[in-house]
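In what follows, a structure is listed as structure tokens, so that the remarks can point back to it.
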Amino acid sequence: MLSSHNQNEMLKKQAQKHQRFTIKKLSVGVASVLIGLTFMGASSVSADTNTQSDAANQPAVVNTDKGTQNDNHATTNQPVSENNAAAAQGTNTQAAANNNQTANQATANVTPAAENNNNQAAEAKVPNYYNITVNFHDVTRGGNIQVLNKMTGRYEYKSDYKGTVVYPGATTAQNFKAPVAGYQLLNPEILDQYFDFDANGYAIMKKGVLTPETRVLENGMVEGKINLTLNYGVLSPIKVQYVDTDNGHVLASMELPSYYMSTVSPERLAGDPKAPDASKYEGAAINIPGYKLVSAPLIEGKIDGQTQNSLQDKNYIYLTFQYKKVMDNAESATTTPGKGSTGAAISANTWTNLPGMFSISGVYGLKNSADNGDVEKRTQDLIDRYKKQGFSYIGTTNKIFNDDYYNYYATWTKIYLIPNQAVQVNYVDEQGNKLADSDTIATNAANPDQTNQGVNHSANWNPAGEWTAKPKDIQGYHLVKTEGATNGEFTAYQYVTTFVYAKDQGNVVVTVHDVTDNKDLDNYTYNTGDQDVDTPVSYDKATTIAELQKAGYKVLNADVVVPGSIVKGTQTVTINVEHDTITVTPDKPATPTDPVNPSNPDGPKFPAGTYSDQLNHTYTRTINYVDSKTNEQVATPVVQTVKASRTALVDKVTGQLKGYVDAQGNLVSGDGWTSDQDGWAAVVSPKISGYQNPELTEVAATKINPSDPSSDQTVTVYYTPEIIDPNDPDKPTPTDPTDPTKPTDPTNPTDPTTPTTPENPTNPTTPVNPTTPANPGTPGVIVDNGQPGQPVVPTQAGKQVTPAKANNAQQLPQTGNNNQAAVLGLGMGAVASLLGLLGLNKKREN
């Protein structure tokens, strides 16, 4: 009997067992469906030691023929219902509650004969016979184990064995160590304490065995009571999984239950090569769109007794197929990351007995091919047939090989042919919201009847062959991502291709273009960047225009429309501006500290050329009336003014002077000066009592050049006192003055009295006798043009006076006579005055 500790250690060792597997090449097609065969025999493989917990597939009813029953082994293969097994499992709940025994509790009920203490006898007695009870406990599910009823095809709880009278050395007609399909016996060693086993595996009661409890009958016979509990663990299911070799992501997987498979028989372990071996199994690769198989297409293995750790921890036997991604797209939505995940879960929700299924029969000692022919070929032909019809072959549990001996302990062979599924194509946005109805792709060109594109599930024609998915044009959206392949072959699960869309995007670009400098103003450029269609555009055009105006710009197209929302593509808007200008008028001149834009005090200041003295100028002619003798003023001077002005034009952006403008605001060439009148008007020299009329009876009108600031002039009109008659001192003697409008030529005096000739006639600026004028009635006239030291000659009556140029000999206005001529005129006037005086004296002498 095992102690509690030893029992636990044994369970752990059983859970850790793994066997190597063999690999057999097989072409894998694109079809699949579940097929039930009455094959007996199975095997267990550990192709991957990763542990995973997934719900088992519960196949539906599969009808098969009964197998041949051996006289020595009641192992007929017959129909079984996994739904019935599930039902039995459901009804087991109460049984488990009533019969909840753990492995430790079960073994505690068994006491070795050597430790037997009979309380009813003074000394131990060997029983004459034995009353034996054997319990069959399911340590995984609780309660008794479930076995197939060969007659009904239903799973039932195995009843306890009751042998009320078993004599030492007699057979129990029970093979307690016989494998039970779907289970592993965990504590077979407790049987060896009480039983020997014959060649057929039947238990024979040992002789002389003491029991924990005995009873002495009235006739003196001793009854020994034996109560044993055999603990069974549920065999681990097989997990066939298809994995991305680069990242370990599970692309798809399927669980294959081990209900129908059996462990190696004790007879074979005892050395009988014809006794049933452990059941074998096989997994197959399938088509995975977007991926290429890089491992062997088949993995085979054999049941080694590995059991589930619990209902939740199934301790899978893994058959892992490696794939490499060959598509550029992202993984399909069905792919899941990490160990323990399922990817696309392939399921076998219902079993169907497909046309062409066959039964396997046999007896002990014969190979499978003896009664059934080439089972391997028949099986492969069946697989190939249904691949063409749209099934995927996942694998086989309790796989039958021709040269294996018939396994009468296994209850069923399952060929997992799974119907291929249609491809689903989804159209969603980046948040997963559906944008259009999903499409379903399902075709099978191999079906002669192409109604519904060759797919007819009721006739076992499912999707097969190549498929292609294409994105749709969705208004307002554009494709940004594809999850899953866009072409491939139909497979055993519903492959999902998802086209992911984002809203169409566009942008709005607002550019400010300076037409004055023919360049874009980068500081004012606005770009929304790429945004979804219909996204509002929050551009404040009014604020931009105000900023431009503050900076000195004039907006040329202020009514330009900026889009209010995004549309697909780029929308460009250009705001055209030019440098605005400001005029500075003479009446409102600027100062160097004035900003061009009052609203922008830190901006440019007004430049030179806009200040008061640079916009206004007054041109003055002063006419002085003086005594020719004393140079004293004899009349109030006449002051004539002409005002000139100009208007400046300034660039408001740069603060630069652009020039000067006319009254219409147009730029003019030159300095832009304008005057309020053409020049100085003519001025008649006044008559002054006591003086002779001046020779310059009128200062002529003179035009000015407003652009010449040196146009100021001073004109002096000289007056000669009247000559007093000595005979009549109170009455001046009238003279015969020269016509002021036609002054007497000083070189040709009217009175040809012999004059005194100047000593240097060649130098008119130095008269011989300036105190003796030739004609005292002709006064001298001095015109001052504002440049001292430059004498001028009297202006002829009716002639205009033109200011002399600064760098030339001074000229009187409009006369063309130079200063030398003026001096000569003065000299000749002096000579004439002297001659006149001489004549007067002569008269007086006469």
Sorted by Cβ density within 10 Å, fewest first, the residues Asp192, Asp532, Asp473 = Asp473, Asp192, Asp532
Applied in sequence order to region 129-142, the curve 6.51 cos²θ - 1.76 cosθ + 1.60 (Karplus, θ = phi - 60°) yields integer Hz couplings, x standing for Gly and Pro, of 8, 10, 9, 10, 10, 10, 9, 10, 9, 8, 6, 7, 9, x
Hz values of 3J(HN,Hα) by residue in region 294-306 - Karplus curve (6.51, -1.76, 1.60), Gly and Pro given as x = 10, 10, 4, x, 10, 10, 10, x, 9, 4, 10, x, 5
Ranked from highest to lowest mean number of other Cβ atoms within 10 Å per residue, what is the order of the peptides 573-581, 407-415?
-> 407-415, 573-581
Amide H of Val634: which non-local residues (sequence gap of 5 or more, or other chain) have their own amide H closer than 5 Å, using H built in the peptide plane?
-> Tyr625, Val626, Asp627
Considering Cα pairs under 8 angstrom that are at least six residues apart, work out the relative contact order of region 176-276 and quote it in whole percent.
-> 32 percent
Around Leu319, which amide H atoms from residues at least 5 apart in sequence, or from another chain, sit under 5 Å from its own amide H, with H modelled in the peptide plane?
-> Ala47, Lys239, Val240, Gln241
Once Lys and Arg are counted +1 and Asp and Glu -1 for all other residues with Cβ under 15 Å from that of Ser675, the total becomes -2
Do any trypsin sites (Lys or Arg not before Pro) in region 183-241 lie in a loop, going by DSSP, with at most 13 other beta-carbon atoms within 10 Å of their beta carbon, and if so which?
-> Lys207
Cross-link pairs beyond the 29 Å C-alpha cut-off, checked among Lys481/Lys541; Lys519/Lys605; Lys387/Lys481; Lys280/Lys325; Lys158/Lys280 | Lys481/Lys541; Lys387/Lys481; Lys280/Lys325
For region 581-602 and region 218-240, write down the distance between their C-alpha centroids in whole Å.
-> 116 Å
Could you work out how far the C-alpha centroid of region 400-420 sits from that of region 633-699, in angstrom?
-> 128 Å
Which residues qualify? For Thr641, with a placed amide H closer than 5 Å and at least 5 residues away or on another chain, they are Arg621
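Only the coordinates and a few stated rules stand behind these numbers; no lab work does. None of the values given here were measured: they were computed from a predicted structure. FYI the Cβ positions are ideal-geometry reconstructions off the backbone, even for glycines, and counts take in every protein chain you see.
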